[in-house]
Amino acid sequence: MGFLHLFIVNKSGGLIHHRPLGPRAPRIGTNEWLRIGSTFHSLHAIAAEASPVRLPGNKNPSGADDGIEEIEAGGLVLRCLQTRTGVKFVITAEPGTPDLDLVLREIYVLYADCALKDPFYELEMPIRCELFTQGVDALIERVEKGSSKQR
């Protein structure tokens, strides 16, 4: 069990942050990351429009707008948190990795505290904030240590 990748997509579908979270994460080039980010954004939008069911607590009164929240595959779990502003935080992990929702929410808090409060950061642009990167590293390390103690 472990975290693999984090990527953050802005409301326009542009990739603003990507990084591996563990040593077992596959190596992916920058161009592939850009394709993954924009493809996920498109699939998320299509899923939101195609869903015939209105989920409880949905923000859109005329239909579902939640899109993709989780995809489970044979060796991978992809979990997405879409904020009210349309920014999508996506984390991939090995199956059985606990606390994916908690980690995504805490990464969102780090984004708000570190990137958005940085006077040099421009919205919708790539995140180049060392404090954010350090915060994500510390969070992943803390969560992985906590889950290894529970085993």
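The values are calculated or read from the model by the stated rules, or taken from the named source; none is laboratory data. Only a predicted model underlies this, so the values are computations on that prediction, with no experimental measurement involved. Cβ atoms come from the backbone with ideal geometry, glycine included; neighbour counts cover every protein chain shown. All accessible areas refer to the heavy atoms of the entire protein, side chains included, with ligands and DNA or RNA removed. Shrake-Rupley method; radii C 1.70, N 1.55, O 1.52, S 1.80 Å.
Comparing mean-square fluctuations of GLY86, GLY74, GLY22 from a GNM of the chain with C-alpha springs under 10 Å, the top value falls on GLY74.
Here the contact order of the chain, divided by its residue count and restricted to Cα pairs under 8 Å and six or more residues apart, works out to 24 percent. Annotation: extensible slack from SER12 through LEU102 equals 29.9 nm (criterion: 0.36 nm per residue apart, minus Cα-Cα distance).
Over the residues of the chain, the helix contribution to mean residue ellipticity at 222 nm works out to -12000 deg cm²/dmol, using -39500 (n - 2.57) for each DSSP H run of at least 4. Comparing ARG84, ARG24, ARG35 in a Gaussian network model of the chain, where Cα atoms under 10 Å apart are tied by springs, the biggest mean-square fluctuation is seen for ARG84.
Residues considered: LYS117, LYS11, LYS88. Largest GNM mean-square fluctuation over the chain, using C-alpha springs under 10 Å, is found at LYS117. Figure note: HIS18, HIS41 ranked by solvent-accessible area, largest first, 1.4 Å probe, ligands and nucleic acids not counted: HIS18, HIS41. One chain, two ends: ASP137 and GLU124. Fully extended at 0.36 nm per residue, the span grows by 2.4 nm beyond their Cα-Cα distance. The residues neighbouring LEU81, those whose beta-carbon lies less than 12 Å from its own, together hold a net charge of -1 under the Lys/Arg +1, Asp/Glu -1 convention.
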